[in-house]
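Report on the following structure.
Any read-out appearing in this document is the output of simple, stated calculations on the displayed coordinates, not a laboratory observation. What you see is a predicted model; the values in this text were computed from it and never measured. Cβ atoms come from the backbone with ideal geometry, glycine included; neighbour counts cover every protein chain shown.
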Amino acid sequence: MAPALYPPTIVPPARPLPLLSFLRRFIRNPLRAIPQSVYEEPVVTYGKKRPLLAWVTDPALIETILVKNSEQFPKTSLDRRVLTPIVGNGLLTTEGDSWRWQRKLASPPFRHTELLSYVPAMAEAAVERVRQWRDHGRAPFATDIEAAMTDVTFNVVARTILAGVRTAEGDAIKRTSRAYLDPISWEVAASMLRYPETYWHPGKARMRRSATELRSIMRALVAERRRDTSPGNDLIARMLAAKDPETGEPMPEEMIADNLATFLFAGHETTAKALTWTLYILSRAPDWQDRLRSEISSVIGDRPITSDAIGKLPTVSRVLKEAMRLYPPAPVMTRITTGEVSLGGKTLPKSTLIVLPIFIIHRHRALWDDPNRFDPDRFLPEREARYPRTQFMPFGYGQRICIGSSFAMLEATAILATLLQNARFEWDGKHVPEPVSRVTLRPKGGMPLIVRPL
Ligand code: HEM
């Protein structure tokens, strides 16, 4: 079967741009400001006298940053400044002992046996969406797949690890998170240039309003769960019952609200984007779509997917991985140097911003054959085993690796299998969405696809 080809939708500048042009492109889409050399070399610095930042794409150097010498490369104040207004000092943004305590506390719901128990809820969320599509009858219709996948993955989180978020709150949370992220590149650019947090930019007031609204929804949710007499066994219940290992004090209310926001946000936006881009690719590679449908049919027929069936769908898994290679839902990670370091022959002074551009690592000319080509067979077990762990890293790597990676893979498989059992996805032949980095990888102009219920 001939793998489908995809034209790259981002044409990188041939050379690093002067600061003003760099910023202009960065605001529109940070991925557009990254020069061609980053797709070809192991480390590229930006900045004339003193590097403002370094893009690192070499797997061995990434391993040095995230594992071997990770204490020299902590998370950045940029991450914190940009994300703290919505996710506070929860697991994603905190460091040190507080991070260790929160990570340990949050881990049990992500253990293998717990994860398998969520599969029916994951499949049910997809079935509900299919039922809504069937209200259109059997005729094909166009719909925004990005919005649909955001609803489905939000429902999954709100029914598994964080129970009890109602539809009205859910809608407000999705709306405010999106409104917060729309102007985020301004804030990232201001932070990169070390402008103070009070620095005004377009969209700043909207970001503040959205963050305030989001925080007050979180506080209300925590207060409600505290009043609940049958607290359940989800992540909120665990946090409400938790005691600090040193002081024996309960987890502060604010920290619980921070983690509620963290898991609601990190737990649905990314998986929604993984499914959105996968369906886009499958709509343009109908042969692969048929191949997946026949694998799913041979394993489960038209019955609902079960946890047993998930491991028996290797082609679905390969397609999801290849889609996340081409369109990583979290396209960029950052770290900072704590002192002068030498990396790939370049000397980087203290406080240099280290950018790990996952989007580019996954399309690097020196790492992948024909990197823009969609070819799920790159993830056949014998080939996948040869890649260093930091060459394909949609979930990051090292001690801060995504806590929800297995949850996300299970969820994406259950949802994709259920959708493909029940509908065909077709491309309109026109819309080639540009992947835009807004913390997650958004399709510019949304993802209108034609759905043909089966
Ligand atoms: C396809 C889906 C997902 C992708 C691509 C993804 C990607 C990532 C990445 C790249 C990081 C590392 C950030 C860094 O080191 O700077 C991360 C961290 C994190 N992710 Fe995910 N994620 C996904 C799904 C999820 C889900 C489903 C959850 C929760 C239910 C989740 C919760 C988190 C949290 C809490 C962290 C911070 C972990 C820590 O610092 O200890 N993610 N994710």
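Quick one: order 297, 210 by neighbouring beta-carbon count within 10 Å, fewest to most. Intermediate results must be reported in sequence, preceding the final value.
Numbers: 297 13, 210 23.
The fewest-first ordering by Cβ neighbours comes to 297, 210.
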query: How big is the convex hull of the Cα atoms of region 303-362, per residue, in Å³?
result: 134
task: Determine the alpha carbon to alpha carbon distance for each of 48/346; 75/350; 68/321; 49/346 and list only those over 19 Å.
output: 68/321
query: Using the per-residue mean of other Cβ atoms lying within 10 Å as a proxy for protection, in what order, highest first, do the peptides 380-386, 73-79, 390-396 fall?
result: 390-396, 73-79, 380-386
task: Can you spot the aspartates and glutamates whose alpha carbon is less than 13 Å from residue 444's alpha carbon? Ignore those fewer than 8 places along the same chain.
output: 144, 146, 182, 434
- prompt: For the chain, what is the mean residue ellipticity at 222 nm derived from helices alone (per DSSP H run of n ≥ 4: -39500 (n - 2.57); sum divided by total residues; nearest 500 deg cm²/dmol)?
  reply: -15000 deg cm²/dmol
- prompt: What's the center-to-center distance, using Cα atoms, between region 323-386 and region 206-262 in Å?
  reply: 35
- request: Let me have the relative contact order for region 330-400, percent, based on Cα pairs under 8 Å that are six or more residues apart.
  value: 28
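How would you order 150-163, 281-294 from highest to lowest mean count of nearby Cβ atoms within 10 Å? Can you show the working numbers first?
Values: 150-163: 22.4, 281-294: 18.5.
Result, highest mean Cβ count within 10 Å first: 150-163, 281-294.
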message: For a quick check: sort 93, 247 by the number of other beta carbons within 10 angstrom, fewest at the front.
response: 247, 93
message: Is the C-alpha gyration tensor of region 186-341 telling us rounded, prolate or oblate? Criteria: a/c under 1.5 is rounded; beyond that, a/b larger than b/c is prolate, otherwise oblate.
response: oblate
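When the Kirkwood radius is taken over all Cα pairs of the chain, what Stokes-Einstein diffusion coefficient follows at 10 °C and 1.306 mPa s, in µm²/s?
For the chosen part, D equals 69 µm²/s.
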- request: Could you give the size of the charge dipole of the chain about its Cα centre, using +1 on the Cβ of each K and R and -1 on the Cβ of each D and E, expressed in debye and rounded to the nearest 20?
  value: 1140
- prompt: Normalised by the number of residues in the chain, what is the relative contact order in percent for Cα pairs under 8 Å and 6+ residues apart?
  reply: 28
message: Students often get this wrong: which residues of region 342-367 have the backbone nitrogen under 14 Å from the point 7 angstrom along Cα-to-C-beta of residue 60?
response: 343-346
Neighbour-count ranking [beta-carbon atoms within 10 angstrom, fewest first] of 403, 358: 403, 358
field: Set of lysines with alpha-carbon distance to residue 243 below 16 Å, sequence-local pairs under 8 removed
entry: 104
- prompt: For region 114-155, what is Rg from Cα atoms divided by 2.2 N^0.38 Å, rounded to two decimals?
  reply: 1.32
message: Tell me which DSSP H helices of the chain clear both cut-offs, 24 Å or more of axial length from alpha-carbon atoms and a mean Kyte-Doolittle hydropathy of at least -1.0.
response: 204-227, 253-284, 405-422
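With a Förster radius of 25 Å, plug the Cβ-Cβ distance of residue 166 and residue 229 into 1/(1 + (r/R0)^6) and report the FRET value to the nearest 0.05.
0.85
Given a cut-off of 14 Å, what percent of all Cα-Cα pairs of region 366-447 lie beyond it?
79
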message: Using 5 Å bins from zero, what percent of all Cα-Cα pairs in region 247-322 falls into each bin?
response: 3, 12, 16, 15, 16, 9, 8, 7, 6, 5, 2, 1
- request: Could you grab the relative contact order for region 43-156? Cα pairs under 8 Å, six or more apart, rounded to a whole percent.
  value: 12
